[in-house]
Each structure stands twice: as structure tokens, then as C-alpha cells.
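A quick write-up on the structure given underneath.
The numbers here are math on the coordinates, done by the rules we state, and not lab data. Computed from a predicted model, the values in this text were never measured in an experiment. Cβ: placed from backbone, ideal geometry, glycine included. Neighbour counts: every protein chain shown.
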Amino acid sequence: MDYNSYGGGQYSTTSYGAQGGAGGGGFMGGSQGGSQASPAGKGTYGKDTLRPVTIKQLLDAQQPHPDAEFKIDDVEITQVTFVGQIRNISTQTTNITYKLDDGTGTVEVKQWVDSDATTSLDDAFSSTTTSKPKLTENEYARVWGRLKAFNNKRHVGAHVVRPITDKNEIQYHLLEATFVHLYFSRGPPEQFSKAAVDGANGKYGQPQQMGYDQNGADAGTMNGRKMPNVSPGARRVYGALKTTPQNNEGLHVQNIAATLGMQIADVMKAGDELLSHGMIFTTVDDNTWAILEF
């Protein structure tokens, strides 16, 4: 599968729009615009880069005061992109309002209708002719726009709303949003590896016990990298998830407890620890986990 159809793999705080966004689900690289020069003469390009997000991140975004930009992971954001299932479409003379749900929350997306324009961004990216899919309820769409608030209610002012024809794009976007969240909250991958090695060497005040768990799983590594400083129970659970045969849904808490001979409460505690470190993720429900590969 050609992931270049969805976005590039080069991320930085200032060039996502020009690198990762090139071909990123149909968005033009480096075309967000709207940045203003600061008094010091330096452009504020960082906040204007295109940020892949989930709806929950939009709803939880911080805004210090009404005139301030929203922040996610303590980083200012203006241009955002997300995917979701269309729950409702309301068409009016001047605008179209979509209600989207991505499993983490719901948000309204407003797109203004320019009756005088002969060609719109949507025409460029998702033609409304009969030869291409149209936006319909219960189908998935990708949105590119700006987070706004009016009367204490948040919505997204959309530049582009286009239908998703390749369902792989839905899963890819969620992984992309996770990657960028970890980038800003924990640092680039090389920094994450260094922190893990420091933790393994006891630089966080506690020596790290490396080696194998009772199942023979190398619980001290993550794809060749040292694990963060987690408890022995968390290491055992991670080892079980890493070595036990499973389908794409991962393993249920009860299966992990039976495999390791641990109490369910202890497995849940270990799972919460792994979730907080971004090492595993929930799948079909909150009690079914799989390893987050990155």
C-alpha cells in the first residue's frame, strides 16, 4: 500500500504542511497560509502547519482567552485535519453544516457556500460530478479547516470536506494523529529512545530490571529499543501482548490474566501504565489491548 497517498513521514514543528501534507489525504503541501510576521520579523509558521487530530483533541484543546489561538499538547494550532463519519448534513443557502463522529467525539463542521465561485477547493479535491463519490450521511469524510468557537460552542470552519474512498485512510489518520501527539508530548523518536536508555540505566533514581519474563518474552525491548521505566507487572503484560498469538483485535484483559497467572486488577493497573506511556492502545473495547508499533 502506497502511504504517500495519505501523507509523508517527515514531521517537524515548522514544515508539516510542506512535507507531510504533500499528498496527505488530498491536501496541498505548504498551502495553509495566513501566517503573520511577528514584531521581530520572524514568521509564526509553526502554528500554521497542518495538524492531524482526533475530534476529542479538538474538544479538549485549550484556549487561554477568547482571542488566543487554541493549543493541543501545549502547541498552538490553526489548521487541522481529521476524519469522521458523517452523522448529519444540513444544507442552507449560505452554508452546509456536517456533524462528524470519529469514535472519540462529535463536532460540527461548517462550510460556507460561495455561489459566485466557479471553482472551489472541493472541486479541486473531490469533484461533485457523478463520476466521483459525493458526501452522504453514514459515510466517512476528511476535513481540513480551522477550529473556532461561537457562543461557547466549538465547531470547525472547513476549507475542504471530501469523501473518503479508501478505508485505509481512516486507520492511517488515527496512527498519524497518534504519532504527532507523541512527537509533541514526548519528543522525537530519537529523544524517546535516549530517555528509555537513561531509564534502563537507572538515571531516573531506580535501576531497571532487564531480561525475560516467565513467558520468555524479551520484555525489556520495544522493536530493538529499550522500554521506558515501567513496573515489572507492566513488563509482563507487555511481554504477553508481544508474544501471545492473537488477531488484529489484540488480547482481552481476562486472556492476559489467565496467561500470566495474574489478578485482573493487577493486569488492569499494568495496562493503565502501558497506556499512559503510549506503548499499547485499546481496540474493540477498553479491556482489549494491542501493542502500538512505531
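Remarks
- Paramagnetic label reach from Ala149 (point 7 Å along Cα→Cβ; backbone nitrogen cut-off under 14 Å): within region 54-73, residues 58-72.
- Taking the centroid of alpha carbons for each part, region 265-293 and region 141-168 are 29 Å apart.
- Within region 50-186, the percentage of alpha carbon pairs spaced more than 23 angstrom apart rounds to 32%.
- DSSP bridge analysis restricted to region 50-186 gives an antiparallel fraction near 85%, rounded to the nearest 5.
- Under the criterion of Cα pairs below 8 Å and six or more residues apart, the relative contact order for region 232-291 equals 43 percent.
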